[in-house]
Amino acid sequence: MNIAYFLELINSAGTHNPEFKENMERIIFHEYTNKGLPNVDGRYTEIIEKYQEEIRKRERIQKEKERKRQEELHRQELERKRILFRKRLRVIIAFAVVINIGLFIFAKQQFEKARVYSEAEGYLEEGNYLQAIEVFKGIVDYSDVDERILECYYDEGIRLLSNGNYEAAQNAFIQAQPYSDASEQAIEAQYCLGKSQYQMDSYEEAITTFAGIMDYKDVRSIIQNDANLCNMYYTLHFQAGSTIEFGRYRQTDYQLYYVTPDLSDPNIAEAIMPIRWRILSNDGKELFLVSDNVLECMAFNDSKDATTWDSCSLRTWLNSSFYMNAFTDEERRYIERSRVANSGNPRNGTRGGETTNDWVFCLSVEEIEEYLPDPGTWYSDYSYHMRHVASTFVENVIKEYYNDQAYWWTRTPGDDLTGAVMVQPGGNIDYNGGEGEWVNMQRLGVRPAIRLTLNPSLIL
């Protein structure tokens, strides 16, 4: 029996296979029994024991190797954990260092801000408000600094107001808003400034200052009771091309255009609105005005018979129904009765009518050319607006005829006395009076004109 052979098999198969061990014992037993080999001197037993010893030896070696392998793995795991721990420790230390540095810097900054804050409070207590503001602005994100800055502006405003430095006080109070009653104090400073300017005869400056606070205290009465202030107000606020509101008239659709409105009818009340007038001129004593919108659609005359301004029904209506209904008794006191010249047509020589004295009238061709520049000039945007606008009421009346744009009458005769010159929607003047447009055409618009005495009641 070759024991070395069996040992080689053991080496090749390993000792971890129980089935292999059992088969080896069977082979050995077979060799000694089936072949009739005697168990001489316990030879068989010896072989088995040697085999088993060899198996145990190899198992011990294998276990030792496994033990060492496990120890190595354990050592490597411990080393990995130590390395990871050291890395984490370094991160924690670094983070702690950064936090401590940050806390140190923050503490230092807070200490510095507290010092600056205390310095600013010192200026505030001394009444040096502007210096306090400048210092406070250096630490705007600290404590209640924003509120303290507003407080400084407010206190500075109070100081300036008490010293008569009203303009600077107003600016300080504006800066202090919304602190306390800074808004009200700013208005009070503006009021005091206007009064001081008025007392120093600086009328233009006073009116400019008062303009934004007309309803404050006695501002309106101060202006109305002083001729110089009134005149300055008129000059600054009633410039040619600007507008004012005066009187009231229907300006939304209610009745058909050929029905003269009864302005006392409560059903029409909602349609009545303030009349906006365009200022054509201001000579310092009176305003020459034309309604900014075409207010009404009406015939120049009830019949198409030859007529001029002095005898037309439109003049009668303007100086009776319109005059009495569009203006109050108080307002009519300031409307001047104008001497209205009625010259002929400047293009074809059609004669004009007699000179009239009217409260309300239509513009002549000459007045339109003087005060409403031709649409072809550089002033065209302004004149176009001036020459074609209509109220909502008029737009509803004329839309079926002129695509929502209004023609309107002048008082100048057309190419004959059965027509009158009109202004077209685009702003051009039709000197012939319109082809087929008789004086009794109902759908043409009316833009009343008046002269208004400059008076304190106009100070709005």
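Values for this structure:
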read-out: Some residue of segment 44-64 being at pLDDT 60 or above, in contact with a Lys or Arg (Cβ under 8 Å, 6 or more places away or on another chain) and farther than 30 Å from Asp141 by Cα; value: yes
read-out: Every residue from segment 270-301 that is free of Cβ contacts under 8 Å to residues at least 40 places away in the same chain and either outside the structural domain of Thr453 (by TED's automatic domain parsing) or outside any strand (DSSP E or B) (or both); value: Glu270, Asp283
read-out: Where Gln255 falls short, out of the listed (1) part of a helix (DSSP H, G or I); (2) at pLDDT below 90; (3) polar (S, T, N, Q); value: (1)
read-out: Ser242 being in contact with a strand residue (DSSP E or B) (Cβ under 6 Å, 6 or more places away or on another chain) and among the hydroxyl-bearing types (Ser, Thr, Tyr); value: yes
read-out: Residue check for Leu295: touching a Pro at 6+ places or on another chain (Cβ under 8 Å), surrounded by 15 or more Cβ atoms within 10 Å (Cβ to Cβ) and within 22 Å of Gln442 (Cα to Cα); value: yes
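The values are calculated or read from the model by the stated rules, or taken from the named source; none is laboratory data. Quantities reported herein were computed from a predicted structural model and do not represent experimental measurements. Note that we place each Cβ from the backbone using ideal geometry, even for glycine, and neighbour counts take in every protein chain shown.
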